[in-house]
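Okay, structure first, notes after.
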Amino acid sequence: MSDNWTERDVPSQHGRVAVITGANTGLGFDTAKVLAERGATVVLAVRDVAKGKQAAARLGANADVTVQELDLSSLESVRSAAADLHATLPKIDLLINNAGVMYPPRQSTRDGFELQFGTNHLGHFAFTGLLLDLLLPVEGSRVVTVASIAHRIRAAIHFDDLQWENSYDRVAAYGQAKLANLMFAYELQRRLAPHGTTTSIAAHPGVARTELMRNSPAVLRALFPVVAPLFTQSSERGALPTLRAATDPAALGGQYDGPAGPGGYRGRPRVVTSTPQSYDVSIQRRLWAVSEELTAVKYPVG
């Protein structure tokens, strides 16, 4: 696979349907923009419909774009959105699990889950499971889950306190959520492999300059303007690993795409590796079982 891959390498997406969560801003918007420019029918699945419509307008009158309300912090909203998409879409070629929250103060979702774990992992777990029947009949369909280099930072799956009820550390909680994203992507690929039509791929943007950083600890926000030029990249560049995972004909199920530069902070997208614990099959399977129990979503593969 080339190490000089850019958005110019995205092949035609005419006839393909892409659903992207959190697509009204940042990485999701930049991903949607390129896919729409290549001819895809794009669904912006967003929490704020008004902002979603503004994003759709920015994509231009010629873009085939619709907006779907989706609040990943509410399983009721996840189920409602999935039902709407079943009513309006004949198929899905690309499901891109992009939306997320990072480093908020301790909060709970509507279902009582810690906000980062509930939104970043459980919301996407449920949404994917409820839409998988629209992907499975489609040859070459893909589920792309956006992870983070934060899965390396104080990250573990705390089965004894998944919702951080005993104590809360926003950095460690984010690390758990992004580690869960990776483990979900890997376990999903193992379950999809026998079907031979749909693949699961993970990607990460490095350190991209997006509004996701707004809840970072004060010391990081203070240092960011000084050090940003050294180890960050634009949102447009940060979206490239996701785009490559979604569209590169050479991409394989179970791989992880990220920037090629030192530390994975920035650079052109290529296949990278994640931490040893992220590949632990026993933890992946345990997390899957817990996720099915917490969301009450049972997958049609396994």
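A few comments on the model shown:
A quick yes/no check of all residues on (1) touching a Ser or Thr at 6+ places or on another chain (Cβ under 9 Å); (2) in contact (Cβ under 8 Å) with a residue 40 or more places away in the chain; (3) more than 24 Å from Thr273 (Cα to Cα); (4) aromatic (Phe, Trp, Tyr):
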position	(1), (2), (3), (4)
Val101	yes, yes, no, no
Pro105	no, yes, yes, no
Leu134	yes, yes, yes, no
His151	yes, yes, no, no
Ile157	no, yes, no, no
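- In the set (1) surrounded by 22 or more Cβ atoms within 10 Å (Cβ to Cβ); (2) of a type in the set (Phe, Trp, Tyr); (3) at positive phi, the condition left unmet by Phe127 is number (3).
Yes/no per residue for (1) within 12 Å of Phe127 (Cα to Cα); (2) without any contact (Cβ under 8 Å) to a residue 40 or more places away in the chain:
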{"residue": "Asp64", "(1), (2)": "no, yes"}
{"residue": "Glu76", "(1), (2)": "yes, yes"}
{"residue": "Ser80", "(1), (2)": "yes, yes"}
{"residue": "Ala87", "(1), (2)": "no, yes"}
{"residue": "Asn97", "(1), (2)": "yes, no"}
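- Failed criterion for Val49 (all others in (1) in contact with a Ser or Thr (Cβ under 6 Å, 6 or more places away or on another chain); (2) surrounded by fewer than 24 Cβ atoms within 10 Å (Cβ to Cβ); (3) farther than 28 Å from Gly267 by Cα; (4) of a type in the set (A, V, I, L, M) hold): (1)
- Residues (in contact with a strand residue (DSSP E or B) (Cβ under 6 Å, 6 or more places away or on another chain) and not in a loop (DSSP other than H, G, I, E, B)) located in region 32-53: Ala32, Leu35, Ala36, Thr41, Val42, Val43, Leu44, Ala45, Val49, Gly52, Lys53
- Checking every residue in region 139-149 against the condition of being farther than 19 Å from Ser278 by Cα and surrounded by fewer than 20 Cβ atoms within 10 Å (Cβ to Cβ) gives at least one match.
- Residue match in region 249-260 (condition: assigned to a helix (DSSP H, G or I) and out of contact with any Pro (no Cβ under 8 Å at 6 or more places or on another chain)): no
- Some residue of region 261-279 being of a type outside the set (Ser, Thr, Tyr), within 17 Å of the chain's Cα centre (by Cα), surrounded by 17 or more Cβ atoms within 10 Å (Cβ to Cβ) and within 14 Å of Glu187 (Cβ to Cβ): no
Listed here are the residues, each with its yes/no results for (1) surrounded by fewer than 17 Cβ atoms within 10 Å (Cβ to Cβ); (2) closer than 19 Å to Val144 by Cα.
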| site | (1), (2) |
| --- | --- |
| Asp9 | yes, yes |
| Gly15 | yes, yes |
| Thr21 | no, yes |
| Leu35 | no, yes |
| Ala63 | no, no |
| Val67 | no, no |
| Leu70 | no, yes |
| Ser74 | no, no |
| Ser77 | no, no |
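- Within region 180-223, tally of residues that are small (Gly, Ala, Ser), in a helix (DSSP H, G or I) and modelled with pLDDT under 95: 2
- Selected residue (criterion: nearest to Arg8 (Cα to Cα)) from residues of region 272-285 that are in contact with a helix residue (DSSP H, G or I) (Cβ under 9 Å, 6 or more places away or on another chain) and outside any loop (DSSP other than H, G, I, E, B): Val272
The values are calculated or read from the model by the stated rules, or taken from the named source; none is laboratory data. Note that the structure is predicted; figures quoted are calculated from it, not measured. No Cβ is skipped: glycine too gets one built from the backbone with ideal geometry, and neighbour counts run over all protein chains shown.
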